[in-house]
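Here's the structure, in structure tokens; my notes come after.
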Amino acid sequence: KHAKEHNQFNAFYQEGFDEAHLRRLAIVEQLPKAIARGSFTLVAQPKVRATDGRTVAAEMLIRWHDEQLGWVGPDEFIPLAEQSGMITEITHWVVEQAEQWVNQLRTFEDDIKLSINISAVDLINDKLANDLVALSQRNMQRYLILEVTESALMNEPEKSIACLKMLSELGYEISIDDYGTGYSSLSQIRRLPINELKIDRAFIQYLMTQPDDQSIVRSTIQLAHELNLRVVAEGVEDEASWHWLLANHCDVLQGYYFSKPISFEELHLRLLKEKEHA
Ligand code: C2E
Ligand code: MG
Ligand code: MG
Ligand code: MG
């Protein structure tokens, strides 16, 4: 009995009182106030054409600074926002911001596209779908790419896939994010309305020293192209990887080598400069 109590105490202590748990509780408590307080900002990371490094799109990435918690990364709070349902409101806010960004950028660059990250939860309730239907009535669909992970589709596959099909028919581009980390294969996702495949950073990170990763990336690019998908490599950090990916026909690259995520003003300036040198 004593041992059992002891174990329970340990479990309670580990699950109940450690610092990480307290931080998660605080995040869940502060999250609902973050939008109204203006604590979220968006940055964007350029997605560049492999052939010449020109910016063809940018991925919007959320940032949160809380007075008490400091900087909280999306990997930390997005999963909690998904669990608490707050993600629906967050995605709504991101979509609103994306429309504002597009409206400013298209005044001088009409070919720009912005990617937004969509959660599993967004695909099974009506809020995002309604927002994007409304946006399409203002002709916004050609400027937006929706990034969805493979695992987001596994949640409620039929509902999620119906939602994606509807959005694709409206003219939004769909991208499979973090490809290769889930359990699906291209044969499973080939029936989905997809335009783009983003190969996960895990396969790109050690590309130059790992022949296995090279085989995986090379064959993924080939197969994706046969299915008429554009291929993006995530997390490109050096010139050698760029050249390797270019030689192996990867279409678009994203990573610190080309640019870290930047503010709206920096993105605006970058696109203006590229326009001048065109
Ligand atoms: P993701 O969509 O796969 O985004 C790419 C992540 O990789 C970003 O991290 C980006 O800063 C990072 N990254 C880009 N290039 C490099 C590189 O060369 N090296 C390394 N080490 N990292 C690189 P971030 O901004 O921390 O976002 C993490 C994840 O959080 C995202 O992964 C996405 O799943 C999620 N997320 C971010 N913003 C949003 C959002 O607005 N809504 C939703 N639902 N999820 C979001
Ligand atoms: Mg993404
Ligand atoms: Mg990704
Ligand atoms: Mg990722």
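No value in this document is a laboratory result; all are computed from the given coordinates. Computed from a predicted model, the values in this text were never measured in an experiment. Cβ: placed from backbone, ideal geometry, glycine included. Neighbour counts: every protein chain shown.
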>> Taking the 0 to 90 degree range and rounding to the nearest ten, how far is the long axis of helix 2-16 tilted relative to the main principal axis of the chain, both from C-alpha atoms?
In response: 40 degrees
>> Once you keep just the Cα pairs under 8 angstrom separated by 6 or more residues, what percentage relative contact order results for region 55-204?
In response: 19 percent
> Based on DSSP H runs of at least 4 residues, each adding -39500 (n - 2.57), what is the mean residue ellipticity at 222 nm of the chain after dividing by all its residues, to the nearest 500 deg cm²/dmol?
Replying inline: -16000 deg cm²/dmol
>> Which lysines, if any, have their Cα less than 21 Å from the Cα of K47, not counting same-chain residues under 8 positions apart?
In response: K113, K198, K260, K273, K275
> Using a basic spin-label model with each label point 7 Å from the Cα along Cα→Cβ, how many nm lie between F258 and F108?
Replying inline: 2.0 nm
> How high is the relative contact order of region 132-278, given as a whole-number percent (alpha carbon pairs under 8 Å, six or more residues apart)?
Replying inline: 17 percent
> Taking the Cα atoms only, what angle lies between the long axis of helix 87-105 and the longest principal axis of the chain, rounded to 10 degrees?
Replying inline: 30 degrees
>> Under the 0.36 nm per residue contour assumption, what length would be gained going from the current alpha-carbon distance of M208 and S84 to full extension?
In response: 40.6 nm
> What longest range of the chain stays clear of loop-exposed chymotrypsin sites (Phe, Trp or Tyr not before Pro) (DSSP non-H/G/I/E/B, at most 15 other C-beta within 10 angstrom)?
Replying inline: 18-107
> At K273 and Y183, where each label point lies 7 Å from the Cα along Cα→Cβ, what is the point-to-point distance in nanometres?
Replying inline: 4.6 nm
> Rounded to the nearest 0.05, what FRET efficiency do E96 and H249 have when you use their Cβ-Cβ distance and R0 = 35 Å?
Replying inline: 0.45
